[in-house]
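**Q** Before we start, here is the structure in question, set down as C-alpha cells.
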Amino acid sequence: SRKSVLFKVVVLGESGVGKTSLLVRYVENKFTISTKSTIGSDFLSKEIDVEGRPVSLQIWDTAGQERFQGLGTSFYRGADAVIFVFDVTRKKTFDELSAWKKAFLIQIGQENNKEFPMIILANKVDLDDRQVSKRDIAEWANQNGDVHFYETSAKENVNVGKAFDEIAKLALAK
Ligand code: GTP
C-alpha cells in the first residue's frame, strides 16, 4: 500500500460554535449535546482517500475562548490548512471571522498568502433561530478570495464529511 501524506488541519472559531462537535462527528460519527468546553488543544486523526491518494488528516481542536494568547505555538505550527467555524444562530461569531482569519495568517507568517487552504463552516443549520443568511456568508466569502463555505450541522450530520474532504483536497492541491 502507498504511504499516506500527512496534513495538519487546525479548527478555529469562537467558543461554543461547535468545533469539537464537528470534529467528533467527522472522526467518530457521534454527537453529544453536552460537550465540555475544550481546554487547551488536542487533535484527532482520520485516514481518508483523496482522488486515489491516501491522506492522513491530523485535525487540531482548540478552545475558542483563547483566540491565540493561551495557545502554545505547537497548535498552529506547521498547519497545512485551516477551518474557520461560526454558529449561524449567533451573528457575533460570524462577525469575528475576519479577526480569526487575520490573526491566524499572521501567526503562521502567511498574511500575504491569498491561496492558503481554508474553508468556512456555517454550523448549526438545524436550528430555527438563524441570524446569518446564506447571502451574508456568500458576500463575506466573495470578499475573502472566494473562500469555499459549507452550511453544516454536527448534530444532524449535514455537509460535515463533504467539508473535511474539501479541506483535504485543497491541502493536496497546494
Ligand atoms: P469551545 O471548546 O468552547 O471553543 O466550543 P466548541 O466550538 O468546540 O463547541 P462545542 O462542540 O463544544 O459545541 C457547543 C454546543 O453546541 C454543545 O452544546 C453542542 O452540543 C452544540 N452544537 C454543536 N454543533 C451543533 C449543531 O450542529 N447543531 C446544534 N443544534 N447544536 C450543536
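**Q** Sticking with the crude label model, points 7 Å out along Cα→Cβ, report the distance from Lys92 to Arg77 in nm, one decimal please.
**A** Here the modelled spin labels are 3.3 nm apart.
**Q** How big is the accessible area of Arg25 in square angstrom, nearest 10, if you roll a 1.4 angstrom probe over the protein chains?
**A** Near enough 30 Å² of accessible area.
**Q** Just the number, please: carbon plus sulfur as a percent of the accessible area of the chain, 1.4 Å probe, no ligands or DNA/RNA counted.
**A** Here it works out to 47 percent.
**Q** Further question: Restricting the count to DSSP beta bridges whose residues both fall in the chain, what percent are antiparallel, rounded to a multiple of 5?
**A** 35 percent
**Q** Now a separate question. Taking the chain, how much of its Cα-Cα pair set, in percent, is spaced more than 30 angstrom apart?
**A** Percentage above 30 Å: 10.
**Q** Would you mind checking the pairs Lys92/Lys162; Lys91/Lys124; Lys30/Lys124; Lys8/Lys91; Lys19/Lys169 and listing those with alpha carbons more than 18 angstrom apart?
**A** Lys92/Lys162; Lys8/Lys91; Lys19/Lys169
**Q** Here's something else I'd like to know. Under 5 Å between amide H atoms, partner at least 5 residues away or on a different chain: which partners does Phe149 have, H built in plane at 1.01 Å?
**A** Ile120
**Q** Still on this model: Enumerate the calculated ³J(HN,Hα) couplings along segment 92-107 in order (Karplus 6.51 cos²θ - 1.76 cosθ + 1.60, θ = phi - 60°), each rounded to whole Hz, writing x wherever the residue is Gly or Pro.
**A** 4, 6, 6, 4, 7, 4, 4, 5, 4, 4, 4, 4, 5, 4, 5, 3
**Q** Another one. Name the long-range amide H neighbours of Tyr76: under 5 Å, sequence gap of 5 or more, or other chain; modelled H, no Pro or chain starts.
**A** Under 5 Å from the amide H of Tyr76: no residue qualifies.
**Q** Using a 1.4 angstrom probe on the protein heavy atoms only, line up Trp100, Trp60 by accessible area, largest first. Present the calculation step by step, with values, prior to reporting the outcome.
**A** Values: Trp100 5, Trp60 35 Å².
My answer, sorted largest first, is Trp60, Trp100.
**Q** Sticking with this structure for a sec: Need the list of aspartates and glutamates near Lys3 for cross-linking: C-alpha distance under 17 angstrom, and skip anything on the same chain fewer than eight residues off.
**A** Candidates past the 8-residue exclusion: Glu47, Asp49, Glu51.
**Q** At 222 nm, what helix-only mean residue ellipticity would the chain give, in deg cm²/dmol to the nearest 500, using -39500 (n - 2.57) for each DSSP H run of four or more?
**A** -8500 deg cm²/dmol
**Q** When Lys and Arg each count +1 and Asp and Glu each count -1, what net charge do the other residues less than 15 Å away from Leu22, Cβ to Cβ, add up to? Can you show the working numbers first?
**A** On the way: positive: Lys19, Arg25, Lys30, Lys46, Lys124, Lys155, Lys162; negative: Glu14, Glu28, Asp42, Asp61, Asp87, Asp126, Glu151, Glu156, Asp165, Glu166.
Residues close to Leu22 contribute a combined charge of -3.
The values are calculated or read from the model by the stated rules, or taken from the named source; none is laboratory data. Predicted, not measured: the structure shown is a model, and the values here were computed from it. Reconstructed Cβ throughout: ideal geometry from the backbone, glycine too, with neighbour counts over all protein chains shown. SASA here: full protein model, heavy atoms, side chains in, ligands and nucleic acids out. Shrake-Rupley method; radii C 1.70, N 1.55, O 1.52, S 1.80 Å.
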